[in-house]
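**Q** The structure is given below, and queries will be raised subsequently.
The values are calculated or read from the model by the stated rules, or taken from the named source; none is laboratory data. Note that the structure is predicted; figures quoted are calculated from it, not measured. Glycine also receives a Cβ, built like all others from the backbone with ideal geometry; neighbour counts cover every protein chain displayed.
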Amino acid sequence: MNSSALSRRSFLNRSGTAAAIFSAPRFNILARNYADEFSNHPNEVIRRARSLGLSILKPSKKEIERGLEIHRESLVFDSYGFAPRCAIDGKRMAQLLQQNPTEVEIQDLREDMGMTHCVTNEVERKEFQQAWEAAGVTCIFQNAGEEGQAPMRLIKRLARFTYLTDMMKDFIIKAATPDEVEGAHKAGKRALYLTGNGVPLTQDWISVPDELRYIRIFYQLGIRMMHMTYNRRNMIGDGCAEPANAGLSDFGKTVVKELNRVGVIADIAHSGWQTSLETAQTSERPMVASHSTCAALYKHIRSKPDNVIKSIADTGGYLGVCCIPSFLGGNGDIAVMMKHIDHIKTKFGADHVAIGTDVAYQSRNASAQRKLAGSRPRFRKQWRSLWPVGSLVPKPHASISMSWTNWPLFTIGMVQMGYSDSDIRKILGGNVMRVSRAVLEEAR
């Protein structure tokens with residue numbers, strides 16, 4: 001067995017049961033003994049997350065230092081995630097609540113402020129920037145479209161992130177090409193590369209070309225990746241929560257071909273296994289599961305079995321391992337996440353794995369501002385069938401270990417597993433850049 005394999009085995013053995021130790025004294029020891037500057041971050045939320053992650057991974061000082069060095073030098077690209085979320089303006093929300101608003105009005109204002117409050121509020125702006133800097137992330141494949149397919153619904157988040165990047169160009173840009181992402185990295189800036197949570201369809205069903213026309217329109221607006229489905233069935237295919245698992249429809253095949261033609265990545269993260277397999281078989285361009293897990297390690301509706309992962313790899317694409325404990329299985333912590341990364345790398349190669357966190361940093365002011373806003377009115381119970389019962393189970397400690405600002409620890413974990421610098425850089429962002437370039441260039 002080579003040294004890398006020995007290192008990987010050692011890491012996987014020693015980190016598998018570490019989630020039980022969550023104590024302040026141990027964190028203090030780690031902070032004193034390992035990479036003091038990294039462990040003693042001035043933001044207590046970031047510091048706590050780092051301490052927990054370190055207590056689980058148990059890296060040596062040398063592994064920490066090497067991991068941080070690679071992370072600083074690398075273009076880090078979250079294959080699916082969210083920019084740091086701001087606190088709402090509690091006074092503004094309180095004013096709205098006095099006007100007997102609808103649930104839609106409340107949700108729209110909450111989401112708008114969560115995404116854009118850093119533009120107008122200096123405190124939120126500083127924390128927004130601090131979170132980016134702590135994570136060491138260059139670019140996020142940013143969720144910029146609500147779950148669904150109606151064009152006007154999808155455009156809301158797209159508008160908000162366009163506004164954010166228009167107003168904070170000195171810090172963050174909306175990238176339209178991988179070259180712009182690379183330019184942001186060289187300039188020390190951050191970038192958003194946009195994805196939609198659905199393929200925009202009018203569902204007027206006048207003709208197939210008529211239904212497909214908004215794919216190009218949203219591409220022109222900056223969307224570079226689209227979900228084929230979101231959990232449940234649509235006219236394209238079955239989502240991951242559909243027990244029938246019926247696969248891709250004939251119309252769905254035309255959607256894949258149009259995505260290929262226009263230059264948009266097909267994403268099957270929320271699709272059923274048969275839909276995922278058939279999308280890969282239909283696509284002539286690299287396609288992805290941007291934020292998912294491995295069913296071989298833990299079977300969940302949001303995981304993908306090995307035959308699906310192989311089909312993704314055969315297109316030249318990747319699976320982005322997410323940071324959702326419920327999808328990872330076991331303790332669901334950072335050590336388990338590393339095992340999912342290692343499964344894909346070992347079985348399919350380093351070219352076919354990325355990290356798509358599917359999580360966001362939340363402003364420390366969020367709780368206080370919610371209290372300031374006051375209680376919200378009661379509405380009907382939300383329709384929850386998009387998420388079957390039991391598919392999302394909170395595991396706070398595990399979630400904290402994989403906080404978005406813990407990105408440098410993902411790199412440290414790969415150093416522990418004996419990965420080469422080249423393979424680590426592929427997983428950190430190189431694979432997302434390669435696929436993004438390939439889909440755009442081949443379409444042109």
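**Q** Across the range 87-108, what is the total count of residues that are within 18 Å of L158 (Cβ to Cβ) and either assigned to a loop (DSSP other than H, G, I, E, B) or in contact (Cβ under 8 Å) with a residue 12 or more places away in the chain (or both)?
**A** Of the residues in that region, 1 qualify.
**Q** For a quick check of your reading of the model, give me the residue pairs whose first member lies in the range 229-246 and is at positive phi and assigned to a loop (DSSP other than H, G, I, E, B), whose second is surrounded by 22 or more Cβ atoms within 10 Å (Cβ to Cβ) and hydrophobic (A, V, I, L, M, F, W, C), with beta-carbon atoms closer than 8 Å and at least 6 apart or on different chains.
**A** Once the first residue is at positive phi and assigned to a loop (DSSP other than H, G, I, E, B) and sits in the range 229-246, its partners that are surrounded by 22 or more Cβ atoms within 10 Å (Cβ to Cβ) and hydrophobic (A, V, I, L, M, F, W, C) give N231/C240.
**Q** When the range 365-422 is examined, which residues are found to be among the small types (G, A, S), modelled with pLDDT of 80 or more and either within 19 Å of F327 (Cβ to Cβ) or under 23 Å from the mean Cα position of the chain (by Cα) (or both)?
**A** A366, S391, A398, S399, S401, S403, G413, S422 - these are the residues of the range 365-422 that are among the small types (G, A, S), modelled with pLDDT of 80 or more and either within 19 Å of F327 (Cβ to Cβ) or under 23 Å from the mean Cα position of the chain (by Cα) (or both).
**Q** Right, here's the next one. Within the range 193-200, identify whether any single residue is closer than 16 Å to G429 by Cβ and surrounded by 15 or more Cβ atoms within 10 Å (Cβ to Cβ), and answer yes or no.
**A** Yes, the range 193-200 contains a residue that is closer than 16 Å to G429 by Cβ and surrounded by 15 or more Cβ atoms within 10 Å (Cβ to Cβ).
**Q** Let me ask something else about it. So which residues in the range 247-271 are under 21 Å from the mean Cα position of the chain (by Cα), part of a loop (DSSP other than H, G, I, E, B) and under 21 Å from E211 (Cβ atoms), if there are any at all?
**A** G263, V264, I268, H270
**Q** Further question: Give the residue, chosen from V321, V262, that is within 18 Å of M228 (Cβ to Cβ), in contact with a helix residue (DSSP H, G or I) (Cβ under 9 Å, 6 or more places away or on another chain) and modelled with pLDDT of 95 or more.
**A** The match here is V262.
**Q** With the structure loaded, tell me whether I217 is β-branched (V, I, T), surrounded by fewer than 21 Cβ atoms within 10 Å (Cβ to Cβ) and more than 20 Å from S290 (Cα to Cα) or whether it fails that test.
**A** yes
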